[in-house]
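To start, the structure itself, in structure tokens.
Where a number appears in this text, it was derived from the coordinates with a stated rule and is not lab data. Since the structure is predicted, the reported quantities are computational estimates derived from the model, not experimental observations. For neighbour counting, all protein chains shown are included, and Cβ atoms are generated from backbone atoms with ideal geometry for every residue, glycine included.
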Amino acid sequence: MKLIYAAVVGMAIAAPAYAAERTIKTEYLACNPERQFHVAERFRSSGDSKALKAFTAGALLSRTCVSLKPGAIVFTAGSGKGAGIIKIRPKGSFRTFFTSESALQ
């Protein structure tokens, strides 16, 4: 029984090590929960830069979103519910966020 438990714990610890390392190619927003990211994308696609700027400022202050800068390293942690949405973990962070797959190289 202890051997099985040790194997399960070992696999759980080793699983994040297999995440693919990717680089951010363009400045983009990443949010958690995923619905926050969808709100930001709606503002971006509508072309309402004033609303997007206000949303981004509030989301960054509340720490539900982070700003991804070009050249930053992230690890993929799965995919989101929507098409083209990817779950990432910025290097040095324990939190995961959702962002557009087009922001990654």
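Of the residues making up segment 42-73, those that are in a strand (DSSP E or B) and touching a helix residue (DSSP H, G or I) at 6+ places or on another chain (Cβ under 9 Å) are CYS65, VAL66, SER67, LEU68.
When ALA83 is tested against (1) hydrophobic (A, V, I, L, M, F, W, C); (2) in contact with a Ser or Thr (Cβ under 9 Å, 6 or more places away or on another chain); (3) outside any helix (DSSP H, G or I), only condition (2) is not met. Only a single item in (1) closer than 16 Å to THR23 by Cα; (2) more than 11 Å from the chain's Cα centre (by Cα); (3) of a type in the set (A, V, I, L, M) is not met by ILE88, and it is number (2). Looking only at residues of segment 68-81 that are of a type outside the set (Val, Ile, Thr) and surrounded by 13 or more Cβ atoms within 10 Å (Cβ to Cβ), we find that the one that is farthest from PRO33 (Cα to Cα) is ALA72.
The residue list PHE55, PHE37 contains one member that is among the aromatic types (Phe, Trp, Tyr), without any contact (Cβ under 8 Å) to a residue 24 or more places away in the chain and surrounded by 14 or more Cβ atoms within 10 Å (Cβ to Cβ), which is PHE55.
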